[in-house]
Amino acid sequence: MTMLSRRQMLTLTMAAGVVPLGHGRAWGAAYPEKPLRMIIPIAPGGQTDVVARLLQSTVDKRKLLPQPIAVINNAAAGGSTGTRQIRDSEPDGYTIGMFHMGLLTAPAMGVVDYDHSAFELIGQVGRTQVGMGVPADSRFKTIQDVLAEAKAKPDTITVAMNIGLLPHFVPLMFQQDAGVRFRYVQAGGGAVRLKSLLGKHTEISLFSGPELLLYEPQGIRPLVMFSEERAPDLPKIPTAREVGANTVFEERIIAFAPKGTPKDRIEVVAAALRTAMDDPELAERYKGLGIDGVFFDGVKLKGILDGLKGPITRVSEVVRNAKAEQEGKK
């Protein structure tokens, strides 16, 4: 029998309707040929969860992938269990994740020993500003009130946070820049921190801009934003810079996959997410939630995240100093 060349085999295979999936991989049906699972390392109700479900429903409704996406929440251990689950999954394109800047802040806080470089980045699927809010009936009427008391009585104002993530990281940046100290209380995701404030268990917490808008009718009053300029949807709320603290940070919602996931499969998912973000109905939902619907591919996103390691390292030094101080008091 005459041995067929690789080119002849490719021609025969394509003629039979079977498409090669990529260099060095088995040939078979076009990807994906079974449902994908999207793991979200936070509890239902937070901003990242809302965005992930909007994208999932749009991709499925418009059939941007030939198979559906199943959303799975895994918020255990502040999200670190979920990110580990994604990291340790088979890199076959059938597991993807949706998370936020916790991919960078958690390792800086010593919560995990890996960052965004442990994954294949699919892209940025949203960006929002972040700020701090208090219960509507709080004794603090302005952020200046908070800073004045925090200076007079260090370690007394309680901050609901999620250890190792932005609700921990950004207030630490803020207290360093403002020359104050807060007392941190572990709570959890946005919906849990909302309950903590409304239940009077804590006094102030970090939320995304969309969460501050969403929670305002439920009894949360925004006090400060950590953006370059005042948020268009919250024009009366000052920035940290306006009160003398040079704290600027924004939340990015990140789609990613296990390390080693084939590039062509990453591109298929990225194309579906990018197209979903162009959907007029989804764009309107993003706008209503205060989310900037800017898509960056994995390459550009990696450059942005790599560049943020500097300020993140600065705050990780604050954490180390705080730990050393606590140990010295024992």
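Points worth noting:
- Packing, taken as the mean count of other beta carbons within 10 Å per residue, orders the peptides 60-73, 79-92 from highest to lowest as 79-92, 60-73.
- Dipole axis of the chain (+1 Lys, Arg; -1 Asp, Glu on Cβ), positive-most option in Phe182, Val243, Val51: Phe182
- Extension gain from Ile304 to Asp137, taking 0.36 nm per residue of separation minus the Cα-Cα distance: 56.2 nm
- Taking θ as phi - 60° and the Karplus parameters 6.51, -1.76 and 1.60, the scalar couplings of region 143-150 work out to 5, 5, 4, 4, 5, 4, 6, 5 Hz in sequence order, x denoting glycine and proline.
- Over the chain: helical MRE at 222 nm, DSSP H runs n ≥ 4 each giving -39500 (n - 2.57), nearest 500: -12500 deg cm²/dmol
- Gain in span if fully extended, Glu242 to Gln218, counting 0.36 nm per residue against the direct Cα distance: 5.9 nm
- Distance from the C-alpha centroid of region 173-245 to that of region 44-120: 24 Å, rounded to the whole angstrom.
- Computed about its Cα centre, the charge dipole of region 129-249 is approximately 340 debye, with only Lys, Arg, Asp and Glu carrying charge at their Cβ.
- Translational diffusion of region 132-205, estimated by Stokes-Einstein from the Kirkwood radius over alpha carbon pairs at 20 °C in a medium of 1.002 mPa s, is 177 µm² per second.
- Whether the chain is rounded, prolate or oblate, judged on the alpha carbon gyration tensor where a/c under 1.5 counts as rounded: prolate
- Stretch gain in nm, segment Thr81-Glu317, where the contour uses 0.36 nm per residue and the Cα spacing is subtracted: 82.5 nm
- Here the calculated FRET efficiency for Ala152 and Ser57, from their Cβ-Cβ distance with R0 = 41 Å, stands at 0.25, rounded to the nearest 0.05.
- A Gaussian network model of the chain, with springs between Cα atoms under 10 Å, assigns the largest mean-square fluctuation among Ala30, Ala160, Ala191 to Ala30.
- Computed from the Cβ-Cβ distance with R0 of 25 Å, the FRET efficiency linking Ser117 to Ala70 stands at 0.40.
Taken together, the values in this text are just the output of simple stated rules run on the coordinates, not laboratory data. Bear in mind that the values here come from a model prediction, so they are computed numbers and not experimental data. A quick note on method: Cβ atoms are made from the backbone with ideal geometry, for glycine too, and the neighbour counts reach across all protein chains shown.
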